[in-house]
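Inspection log for the structure reproduced underneath, given as structure tokens.
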Amino acid sequence: MYAYDEIDRTLINERVSEFRDQVKRRLAGELTEDEFKMLRLMNGVYLQLHAYMFRVAIPYGTLSSPQLRKMAHVARRYDRGYGHFTTRQNIQFNWIKLADLPDALEDLASVGIHAMQTSGNCTRNVTTDQWAGVAPGEVEDPRIWAELLRQYSTMHPEFSFLPRKFKIAITASAHDRAAIKVHDIGLRIHKNEAGETGFEVLVGGGLGRTPFIGKVIKPFVHGRDILSYVESILRVYNQYGRRDNIYKARIKILVHELGIEKFAAEVEDEWLATRESSLTLDNEVVEDIRSRFSYPHYQKLSDTPDELAAASADPHFARWLKNSVAPHQRTGYAIVTLSLKPVGGPPGDATADQMDAVADLADKYSFGEIRVGHEQNLALPSVARRDLPALWRQLDKLGLATPNVNLVTDIIACPGLDYCSLANTRSIPIAQELTRRFANNDLAELIGRLHINISGCINACGHHHVGHIGILGVEKNGEEFFQITIGGRADEHAVVGTLIGPAVPFAEVADVIEDIVEAYLALRARPDELFVQTVERLGVEPFKERVYATR
Amino acid sequence: MTSPLQQKIKITGPSVVTANRTWDGVVIYRDAHKGWTTDLAEAAIVRTADDARALLAESTADDVGAIGPYIAPVAVNDNGTVEPGNLREQIRRKGVTIDLPASA
């Protein structure tokens, strides 16, 4: 966990006071909506279909148990008793009243939580691997750098009004769990031959209306130079990014139109002129940030405790162990993913009671720490393997032990037309129906790793472009239709999926997905050939044929 | 922002003006008495572009009470009851189409 200093606490508390005054003036009619809109957005407050929506940042996906309890409190006191974890390590409350927002913000501020950088054309909440600091093989903890970038970018005067929003993600593992290739800037931490920490820098990735996979702009930027290099990218984007057309305003369009070579040359010119500046990070600064992160005091434990062997005789536990528990850096410990994808449930939602209970379990079993991943699940990052059976029993009672992590029912979905003012179609009911269709755990395991991503409109908050199966809602003559893509992926081999054919109506989506999955099971070369590998090998035609032959 | 009086407004059938209430975001409809109601049955219904423009203009003038007023289609049944004219407005009126997560 990172401990905020006095500057951070003052900043957050001042923001609460400012917003309280702004809300007061708005409700008194002293501010028009046009004047107020930007102010509320800077505090994560959107207007959705039925109510205001309050988006709260979870920087680099790390929460302490008191922070999660405070979110439960906000859900219970100011909202309708639940929250929605998003694809960018935020939580959203869907029913909050404007008049209550300053109090909610103040309550969150008491535990160092805020809503800065969750909206507006600024650098958004910097995201990273939810397994940061515990993933085996990780180069180093990427949260150190995420925190540096957070401090650098928060309320940055030059970059608070960029042409459009700007998203940065960092990974330090070979397997990318942070989807860095579909971010405006993606940073992959690695070491050079001298053993020094640096970054492979990607730029121009993004989803939405025009999806692009990020391109490598520089293979190695030394850690000391990362802020100046990021600033050079931001400055070039701020200067040349389009402000005349919202659909062409993201950096991905600029990179695409200029070409990566010319864009890189512009950034290099800027960087060479400015890199020797106060942004150069000396070791002392990095180590100071590092020292503010506290790490668990691990014990020397066995990877194969008796408790685990005994419990594994229970097939339900064994299945959960196989699908929801991952290896840890430390012997005797494990990373546990808490599925927020129960059969028939809205993906990513957690009740206040569940949040409180998870906070208690984190205290008991995981050094008081909880993680939030972009796949809309939670994780307890450091659980002693001997405690896994006891933890599983309690998670099961809470509905948080669905053994479907990375399987077909571990669906990413945006809120869709049930909540969102931008959506064309609903997403959640599609996800719910699919979880019912594939509720059989044996079938889900037979299918293997398969990511279904659903977006209710082209803005792609459900990351449909990079789902192994992507489902995009479109409106046709007042009816909900869905385009299906296959073969996308969001990891280190990120690629945009391919459309298989004409959109299908709401009522047929689950049937179509079943057809695609059945086709895969018949076509795969061997049981461990993943769905995306089969699509890569055969292309979309066999799937297209299967889906449309009888439609 | 373009004034509603300057906007090209085209309606294809009976319509209402809807918005969200400023202090809590609740869905509201403009009524025939220059006020707002949460009940669609009490909304003022317009059938021509000129009437729609005028209703939108008076609604927009109430910046304190409502956010983002716009014209939305409705269906008026034979018995006079009023229904939202599309799925989006149905959801705004009736709420989400799913069960909300409930605490144990």
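The values are calculated or read from the model by the stated rules, or taken from the named source; none is laboratory data. What you see is a predicted model; the values in this text were computed from it and never measured. Heads up, the Cβs are rebuilt from the backbone with ideal geometry, glycines too, and the neighbour counts pull from every protein chain shown. Surface accessibility is based on the protein's heavy atoms, side chains included, excluding ligands, DNA and RNA. Shrake-Rupley method; radii C 1.70, N 1.55, O 1.52, S 1.80 Å.
With both residues required to sit in the stretch A:142-291, DSSP beta bridges show an antiparallel share near 75%. Spacing of the modelled spin labels on A:Asn477 and B:Glu83, each 7 Å from Cα toward Cβ, amounts to 1.8 nm.
For the stretch A:142-291, dividing the convex hull volume of the Cα atoms by the residue count gives 113 Å³ per residue. Segment A:Asp269..A:Glu158, full-extension length gain: 38.1 nm, with 0.36 nm per residue of separation and the alpha-carbon distance subtracted. The orientation-averaged projection of the convex hull spanning the C-alpha atoms of the stretch A:219-324 amounts to 13.0 square nanometres. Here the stretch A:489-551 and the stretch A:92-160 have alpha carbon centers that stand 36 Å from each other.
Compute the normalised compactness of the stretch A:6-109: alpha-carbon radius of gyration over 2.2 N^0.38 Å, N being the residue count. Each step should come with its number before you reach the end.
On the way: Rg = 13.5 Å, N = 104, 2.2 N^0.38 = 12.8 Å.
With N residues counted in the stretch A:6-109, Rg over 2.2 N^0.38 Å equals 1.05.
Under 8 Å for C-alpha pairs, at least 6 residues apart: give me the relative contact order for chain A, rounded to a whole percent.
Values: 1193 pairs, mean separation 69.7, N = 551.
Normalised by residue count, the contact order of chain A is 13 percent.
Per the Debye formula on identical point scatterers at the alpha carbon atoms of chain A, with no solvent, log10 I(q)/I(0) at q = 0.11 Å⁻¹ is -1.02. Put a dot 7 Å past the Cα of A:Glu545, heading toward its Cβ, do the same for A:Glu445, and the two dots end up 3.3 nm apart. The dipole here belongs to chain A: it is taken about the Cα centre, uses +1 on the Cβ of Lys and Arg and -1 on the Cβ of Asp and Glu, and is about 760 debye.
Under 21 Å of direct C-alpha separation, and excluding same-chain neighbours fewer than eight residues apart, A:Lys397 reaches these lysines: A:Lys322, A:Lys341, A:Lys364.
Within the shell of other residues whose beta carbon sits under 14 angstrom from the beta carbon of A:Cys457, the net charge comes to +1, with Lys and Arg scored +1 and Asp and Glu -1.
Working from Cα pairs under 8 Å separated by at least six residues, relative contact order for the stretch A:412-548 is 20 percent.
With each run of n ≥ 4 DSSP H residues scored as -39500 (n - 2.57), what mean residue ellipticity at 222 nm is computed for chain A after dividing by its residue count and rounding to the nearest 500 deg cm²/dmol?
On the way: 18 runs with 201 residues, N = 551.
Rounded to the nearest 500, it is -11000 deg cm²/dmol.
Where the eigenvalues come from the Cα gyration tensor of the stretch A:277-363, what are the semi-axes √(5λ) of the equivalent ellipsoid, largest first, in whole Å? List each step's numbers first, then the result.
On the way: eigenvalues 231, 99, 31 Å².
Its equivalent ellipsoid spans semi-axes of 34, 22, 12 Å.
Taking the charge dipole of the protein assembly as shown about its Cα centre, with +1 at Lys and Arg Cβ atoms and -1 at Asp and Glu Cβ atoms, the residue from A:Leu388, A:His374, B:Val46 reaching farthest to the positive side is B:Val46.
Under a model in which nothing but the beta-carbon of Lys, Arg (+1) and Asp, Glu (-1) is charged, the stretch A:251-395 shows a dipole of about 860 debye around its Cα centre. By the Cβ distance rule (another cysteine Cβ under 4.7 Å), the unpaired cysteines of chain A are A:Cys122, A:Cys420, A:Cys457.
Count Lys and Arg as plus one, Asp and Glu as minus one, and take only other residues whose Cβ is under 14 Å from that of A:Asp225; the net charge is then -4.
Compared with the alpha-carbon gap, the fully stretched path from A:Asp511 to A:Arg77 is longer by 152.2 nm at 0.36 nm per residue. The B and A chains share an interface that buries close to 2400 Å² of accessible area, total over both sides, probe 1.4 Å.
In summary, the lysines within cross-link reach of B:Lys34, defined as a Cα separation below 30 angstrom excluding same-chain residues under 8 places away, comprise A:Lys24, A:Lys37, A:Lys97, B:Lys8, B:Lys10, B:Lys94. Considering the dipole of the stretch A:384-543 built from charges on the beta carbon (Lys and Arg +1, Asp and Glu -1) around the Cα centre, which of A:Ile447, A:Gly399, A:Thr498 is farthest to its positive end? Value: A:Gly399. Each of A:Ala507, A:Pro415, A:Val517 was placed along the dipole of the stretch A:412-548 (beta-carbon charges, centred on the mean Cα), and the one lying farthest toward the positive end is A:Pro415.
Compute the length gained on full extension between A:Asp360 and A:His256: take 0.36 nm times their separation in residues and subtract their Cα-Cα distance, giving the result in nm to one decimal. Please list the in-between numbers first.
Working: separation 104, 0.36 × 104 = 37.44 nm, distance 4.77 nm.
So the extension gain works out to 32.7 nm.
Quick one: if the Förster radius is 22 Å, what FRET efficiency do A:Glu276 and A:Gln239 give, using the C-beta to C-beta distance and rounding to 0.05? Could the numbers behind the result be given before it?
Values: r = 21 Å, r/R0 = 0.95.
It comes out at approximately 0.60.
With the largest listed first and rounded to whole Å, the semi-axes of the equivalent ellipsoid of the stretch A:412-548 from the Cα gyration tensor are 24, 15, 14.
Put simply, chain B fits an ellipsoid with semi-axes of 24, 18, 12 Å; these come from the alpha carbon gyration tensor as the roots of five times its eigenvalues, largest first. Projected label points at B:Asp62 and B:Ala41, each 7 Å from Cα along the beta carbon direction, are separated by 2.0 nanometres.
Is any helix in chain A, taking whole DSSP H runs, at least 20 angstrom long along its axis by alpha carbon and on average at least 0.5 on the Kyte-Doolittle scale, and which ones? All intermediate terms of the calculation are to be shown ahead of the outcome.
Values: long enough: A:6-27 (31 Å, -1.12); A:226-240 (21 Å, 0.30); A:260-274 (21 Å, -0.15); A:509-523 (21 Å, 1.29).
Those that clear 20 Å and a mean of 0.5 are A:509-523.
Of the GluC sites (Glu not before Pro) in the stretch A:198-277, the ones in a loop by DSSP (not H, G, I, E or B) with at most 13 other beta carbons within 10 Å are A:Glu276.
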